[in-house]
Amino acid sequence: MIALLFCLLGVLFVIGLPIAFSLGLASAVTVWAGDLTRMVVVIQQIFNSINSFPLMAIPFFILAGYLMQHGGISQRLVDFSNAIVGNMSGGLAIVAILTSLFFAAISGSGAATTAAIGSILIPAMVHKGYNVKFASVNQATAGALGVIIPPSIPMILYGIAANVSIGDMFFAGIIPGMLITITLILYAYIFSKIKGYGGSEKSSLKELFVTGRKAMLALIMPVIILGGIYGGVFTPTEAAVVAVAYSFVIGVFVYKEISFKDLKNIFTTSAVTTSTILSIIGTAGLYSYIMQNLRVPMYISELFLNATTSMIVFILIANVLLLVAGMFIEAAAAILIFVPILLPVATEFGIDPLHFGVIMIVNLAMGMFTPPVGLNLFVASQISKVSIMNMSKAVIPFVLIVLLDLMIISFIPELSTWLPSLE
């Protein structure tokens, strides 16, 4: 039955069936063929997997991301970032990374960050003379900060699956997220210096003040959201509702870039995205339930513990497994599938669940800009009209940089555990 569960899922992935249908069908067939339990349990487990109060944060953060994308917040963040670093070599590439950092601290979504910032900066970079492939992969990689910098939708899922504090997970992602941001900025600067991608004219203090004032309402949004969570004012789920309300008021009544006619499209798009993600979460939860029913986590734990007594070897194997999984499986599904398998082994080796969570999130974030199923690459491709195949070579340096960051994060646990320990 274990072989059927995994082989059938692999076949369904290969033939191109959507992830949610693949997970659900593989689980249902295994239950039926092995007579594991009543078939009604399939529906019950799908429902139970999404019947969680913390999961309510996901649709609200998705809606907040779309409201910000259409409400002028992303443009103001771009203008402010450009005033700060736009005059440097590779100024626009650095602006893309820096703005993605700001936007990620609000939206929680890698794809939303890539779309909102990339739709502005990829055309601007090409117009400025940047290679279109570099512009595309630079933004696709920067967009992955959306799942590492808190708040983060995958971190919410990990917190639920691993039974750890979502607030602590958010704390754990701050320093690793900043490390990745800094290394990406350094690479963009060096690469642009070599290629001769110059910056714009240096902004005056007046321009810096004006753009900063216009972006102020956007910049204080992460402070309200994260400060409210860490200060105990509201839960991460309530913070997502606050983000929606704040984005709505700013976009409709302050910046006035969202009309009431636009709301129908924004709500519809958010609902479709939410339903897609929740479908994956539901069927992935069912798949995880079947694995536990078949005692797969126990067998894999024994296999790891018998194969090696080295924590270093386990971390390397887990990284390879998660990195490959992230290249083919959507982050939500990967978290719900692999947390029950790998986390018990990690805790046996004495690895902090928060530290392991950050390792998992960074691996899956890399999958967002790694072919063949990198979601951010698809979003950037839609904007730049450059095929995934043509971007594949250009993305290699970015993959290597974040891979180096991943190794640092994996073997220096204090980067992930220090901030949560201060609470």
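The values are calculated or read from the model by the stated rules, or taken from the named source; none is laboratory data. Quick caveat: nothing in here was measured; it's all calculated off a predicted structure. Cβ atoms come from the backbone with ideal geometry, glycine included; neighbour counts cover every protein chain shown. Areas reflect the complete protein model, heavy atoms only, side chains present, ligands, DNA and RNA absent. Shrake-Rupley method; radii C 1.70, N 1.55, O 1.52, S 1.80 Å.
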Estimated Rh, the stretch 176-226: Kirkwood, alpha-carbon pairs, angstrom:
13.7
Which angle between 0 and 90 degrees, to the nearest 10, do you get for helix 153-162 versus the longest principal axis of the chain when only C-alpha atoms count?
30
From Cα coordinates alone, what are the radius of gyration and Dmax values for the chain in angstrom?
21.4, 72
Convex hull over the alpha-carbon atoms of the stretch 143-210: what's its volume per residue in Å³?
125
Just to confirm my numbers, what's the Cα centroid distance between the stretch 126-157 and the stretch 292-361 in Å?
26
With the other protein chains left in place, how much accessible area per residue, in square angstrom, belongs to the chain at a 1.4 angstrom probe?
42
Measure off, as a whole percent, the carbon and sulfur share of the 1.4 Å-probe accessible area of the chain, all protein chains present.
69
At what distance in angstrom do the alpha carbon centres of the stretch 194-264 and the stretch 1-41 lie from each other?
43
Nearest 10 degrees is fine. How inclined is helix 2-14 to the longest principal axis of the chain, computing both from alpha carbons?
40
Would you kindly give the portion of the calculated P(r) for the stretch 199-304 that falls above 15 Å, as a percent of all Cα pairs?
79
Determine which lysines satisfy two conditions relative to K261: a Cα distance under 27 Å, and not lying fewer than 8 residues away in the same chain.
K214
Which of the peptides 401-412, 90-101, 336-347 is most tightly packed, and how do the rest follow, judged by the mean count of other Cβ atoms within 10 Å per residue?
90-101, 336-347, 401-412
Within straight cross-link reach of K202, meaning Cα distance under 19 Å, which aspartates and glutamates are found once same-chain residues fewer than 8 apart are removed?
D79
Below 8 Å between Cα atoms, with a sequence gap of 6+, how large is the relative contact order for the stretch 222-361 in percent?
21
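What 222 nm value per residue comes from the helices of the chain, counting each DSSP H run with n ≥ 4 as -39,500 (n - 2.57) and dividing by all residues, nearest 500 deg cm²/dmol?
Numbers: 21 runs with 330 residues, N = 423.
When only DSSP H runs of four or more count, the value is -26000 deg cm²/dmol.
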Please determine, in degrees from 0 to 90 and to the nearest 10, the orientation of helix 396-411 with respect to the longest principal axis defined by the Cα atoms of the chain, where the helix direction is its Cα long axis.
60
Sort all Cα-Cα distances of the stretch 338-423 into consecutive 10 angstrom bins from zero, then give the percent of pairs in each bin up to the one containing the longest distance.
16, 37, 27, 16, 3
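Using the reciprocal of the averaged 1/r over all distinct C-alpha pairs, how large is the Kirkwood radius of the stretch 322-362 in Å?
Values: mean 1/r = 0.0960 Å⁻¹.
Hydrodynamic radius (Kirkwood, Cα pairs) of the stretch 322-362 is 10.4 Å.
Report D for the stretch 17-170 in µm² per second (integer): Stokes-Einstein, Kirkwood Rh on Cα pairs, 20 °C, 1.002 mPa s.
Working: Rh = 17.6 Å.
Translational D for this selection: 122 µm²/s.
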Within the set K195/K256; K128/K206; K195/K385; K193/K393, which residue pairs have Cα atoms separated by over 31 Å?
K195/K256
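Could you state the orientation-averaged shadow area of the convex hull built on the Cα atoms of the stretch 169-260, in nm² to one decimal?
On the way: hull surface 35.8 nm².
That works out to 9.0 nm².
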Of the residues L157, L208, L278, which exhibits the maximal mean-square fluctuation in a Gaussian network model of the chain defined by a 10 Å Cα contact cut-off?
L208
Gyration tensor on Cα atoms of the stretch 274-383, a ≥ b ≥ c root eigenvalues, a/c under 1.5 rounded, else prolate if a/b beats b/c, else oblate, says oblate
GNM, the chain, Cα, under 10 Å: largest mean-square fluctuation among T30, T308, T237?
T308
Relative contact order in percent for the chain (Cα pairs under 8 Å, 6+ apart) equals 26
